[in-house]
Structures are given as C-alpha cells and as structure tokens.
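The next block holds one structure in the form of structure tokens; read it before the comments.
The values are calculated or read from the model by the stated rules, or taken from the named source; none is laboratory data. All of these numbers come straight from a predicted model, not from anything done at the bench. Here the Cβ positions follow ideal geometry from the backbone for every residue, glycine too, while neighbour counts run over all protein chains shown.
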Amino acid sequence: MRTRKLSVRLGLWVTTFAMVATTLTVVEPSVGSAALLPQGTGGGVVPTPAIDTAQGTVCLFWPNQTEPGWVPFAQTGIAAFHKYMPNFKQLTYDGDNSAATQLSQVQACIANKANLAIISPPVPTDAGAALKDLAAAHIPTIAQDNDPDGGPVYAYVWVNFEEVGAYFGKYMVANIAKQITHRPIRLAEMYGDPTFAVYFDWLTGITPYLNSLVKSGLVKVVCKSNTPGWDPTTAQTNLEQCLTKTGNGVDAILGMNDSTMDGMAAALETQHLLGNVKMYGGHDSDLTTLQRILAGDQYATFHPDNHSSFEVTVTLAEAALAGKSAESTGLIDFHFNNGFVKGGVPTVKAPELLVTAANMAQSVVGEGLYTKAELCTSIALTSAFCKG
C-alpha cells in the first residue's frame, strides 16, 4: 500500500511517497477469477530489475488525469523508479490531453539535462515532434501504453488489447443468451479512439465472436460510434443519442475502456436503465468502474499488471542507460510499426489482469490499486464484497 500527496502545478506533478513492501499475487487464468493474459515475458514471470545506484534525471510524461486509470498507473511507475533507481531525480508531467503541452514539457525535460524519458503520448499521431526532440538531445526514450508514432523510440511497453477483446468476445458468446431474454439482443457498440493501435487490436480479438453472434441472429447491433480521446463526456453523448434513436431499445452495451464506460453508465442512469442494460467490456480499472462491478451493473474490466509493467520498463531503462539494445533484455516479443523506426519499435506486451467482483480482493486490493475502504463507498457500499 502507498500513501501519497499529489499536487499539480503548471503541468508538473510533485509527488512524495511513504512506501511499505507489497506482494504481487498472480491467480491462474480462468473465467471469473483473476487472470494473467498471455504475453511475451516468460508466461507472466518478469525478471526483477537490478538496483541501479547511478545518479541522473528521468522524465515521466503521462498523457492526462482525466482518464482515472492513469493516476494509480503513474503512481506505480513513480514508485518503481524510486525503488530501483533511487538516486535518479524524477520530473513527472501531465500532458493534459495535449500534444502541444507535452512537447513544451519535453523542452523543459531537455533543459533539465535529463538522462532518460518515459513517455505516454496523449495524441499518438502527433507524438513525432516530441520523440524527435528527445532523440536529438540524446535522451533514450521508452514509450508506455500509448502509441509512440512518428519518431525514434528505444522501446515500447504496451498492453495486450487483442487478448482483452478476445476475452470479452468469448464471455459474450458463452453468457449473453443466458443473461438477456429479449430477442434479438439489441447491442450498442460504443468504441474508443481509432487513432490508437489498441483500438484495432481489441477489434481483432473480439470481432470473430461478435460476428458469430450477429450471424446467428441472436444479436442485432442497433448503434455504433467511436469516442475521440476516450472522453467520457463524448461517450455519454453518443449513448444518449443512441437511446433517443432507439426509444431506449438497448439491451446491452459494449465498450473498450473504463472512461468511456463511465460516460455510458451516466447516460443509462439518466434514463433509469443502469443495472437493467448489461455492460460488457472495459480496461483500466478506474474506481467508478470497479464500484459498478461490485454493485452488479457491469461484469468485469481489465488493467495492466502495473507492477510487472514497470519492472519491465525499469529493466529496459537500465539497459538503455548501459548502452545495450532492448533485445539484450530478453523481454522483446513484438515490434510495433510506428511509421518511423525501421523494422518497428522493440516492444513488450505486458501482462493484463482480469477484474471481477469475485476477485476484487486479489486483483485490485492485493495489487495496491485501491484499498477496500476506497472501493466501499457509493453504489458499492451494500455489495457482498463490502459487507464481508
């Protein structure tokens, strides 16, 4: 568990931590229990980084704080660098969903003579200028979660969205007919931002299963829309328009991540449909989503195994600072085509954890994402988890 004080001034996060030891729990994969999805880091075994006592400065660039999942994710990253590179000064920035803002922060990082950068571009298609400036300053750069398009990058620690999409597809095929009695089942597909590669990875995973449901006549897609910037307000508006168009004739919604699911939940609540319309999909494990899962309004979500992801990132960082290739770590399992790096950016698809009401204690509390006290408020207060 971490206790923290977080303040934001002019885009720079100033963070102080009190740390105690945590234990990473991995539960064997199965539907309805915590699952570590297939990936390329030794079947879920991530090597522990060495403690690097060298001095230097690392810049940590996060895309926003409007998607709730980024805050605990960033805190885990900050803690990992404190633990494994304790003598490195950290400069941590919030890009406020703006490539221009992040570019100005990159200039500040360069002016501070940083030795290393970890970057999550807020707008992948506009990331090239920042990446090129970091490379020109000879600062090795590792991308985290968001696509590093259009510029030089040492390595990329990514999510396994194809497997996430496939999981939800398999779950719907196995369960949707039992959970919803209306025929055909009227499905609203409320997707994310197609400027991100994960959008298409998720579709690759889920589409064969969705196609089978539609082809059989069991499911009819009544609305479909995208959500630029994964913005919850946009997602809410999209679903409100769908509900108006169909006269509230929606039995289930399908979304890609938690911030968009939050917006859709707000639209359902306005029409007194929350809890009656099934909600499938999700990623990031933001607090509101987790409370919806505990209350029974949404089946599940996923989040990256944050501790393992940042142990991968630190291992790559130590290799970069030592002048070694990313491949020398033995972790690389993919090459991401960012339209710039010949042959693709060396990439690790880091582990993913499934979160359900049944495994909330292991997959969320045990991972240090939120405490039980934080979870057990609002609509979750009367859940079995909170009463237990």
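In segment 215-237, the residues that are over 19 Å from Val173 (Cα atoms) reach residues that are surrounded by fewer than 16 Cβ atoms within 10 Å (Cβ to Cβ) with C-beta atoms within less than 7 angstrom, at least six apart or across chains, in these pairs: Cys223/Lys245; Cys223/Thr246; Asn226/Pro194; Thr234/Pro228.
Listed here are the residues, each with its yes/no results for (1) surrounded by fewer than 21 Cβ atoms within 10 Å (Cβ to Cβ); (2) over 30 Å from Ala130 (Cβ atoms).
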site: Tyr280; (1), (2): no, yes
site: Ser285; (1), (2): no, no
site: His303; (1), (2): no, no
site: Glu311; (1), (2): no, no
site: Leu316; (1), (2): no, no
site: Thr329; (1), (2): yes, no
site: Glu352; (1), (2): no, no
site: Ser378; (1), (2): yes, yes
site: Ser383; (1), (2): yes, yes
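Within segment 51-78, the residues that satisfy the criterion of being in a loop (DSSP other than H, G, I, E, B) and closer than 25 Å to Ala319 by Cβ are Ile51, Asp52, Thr53, Ala54, Gln55, Pro63.
Of all the listed residues (Ala135, Ala129, Ala108), the sole one being at pLDDT 95 or above, assigned to a helix (DSSP H, G or I) and out of contact with any Leu (no Cβ under 8 Å at 6 or more places or on another chain) is Ala135. Only one of the listed residues (Thr329, Thr356, Thr382) is within 24 Å of Ala74 (Cα to Cα) and either over 23 Å from the mean Cα position of the chain (by Cα) or of a type in the set (Lys, Arg) (or both). That residue is Thr329. Contact map, segment 278-306: first residue under 18 Å from Ala373 (Cα atoms), second residue acidic (Asp, Glu), Cβ cut-off under 7 Å, separation 6 or more or different chains; pairs are Ser285/Asp258; Asp286/Asp258; Asp286/Asp262; Leu287/Glu374; Thr288/Asp262; Thr289/Asp258; Thr289/Asp262. Lys113 passes every criterion in (1) on the phi < 0 side of the Ramachandran plot; (2) out of contact with any Cys (no Cβ under 7 Å at 6 or more places or on another chain); (3) at pLDDT 95 or above apart from (1).
Just to be sure, is Ile253 closer than 17 Å to Ser225 by Cβ, out of contact with any Asp or Glu (no Cβ under 7 Å at 6 or more places or on another chain) and surrounded by 23 or more Cβ atoms within 10 Å (Cβ to Cβ)? Yes, satisfied.
Test Glu374 against the stated conditions and say whether it is farther than 16 Å from Gly296 by Cα and modelled with pLDDT under 95. Even if it seems obvious, please write down each step before you answer.
On the way: farther than 16 Å from Gly296 by Cα: yes; modelled with pLDDT under 95: no.
Against the criterion (farther than 16 Å from Gly296 by Cα and modelled with pLDDT under 95), Glu374 does not qualify.
Among residues that are touching a residue at least 12 places away in the same chain (Cβ under 8 Å), closer than 24 Å to Phe310 by Cβ, under 18 Å from the mean Cα position of the chain (by Cα) and not in a loop (DSSP other than H, G, I, E, B), Ala143 is included.
Total residues in segment 319-372 satisfying the condition of being closer than 16 Å to Asn160 by Cβ and in a loop (DSSP other than H, G, I, E, B): the figure is 5.
Among the conditions (1) buried (at least 24 other Cβ atoms within 10 Å of the Cβ); (2) assigned to a loop (DSSP other than H, G, I, E, B), the only one that Arg292 does not satisfy is (2). Filtered by the rule that a residue be charged (D, E, K, R) and outside any loop (DSSP other than H, G, I, E, B), segment 188-216 gives Glu189, Asp201, Lys215.
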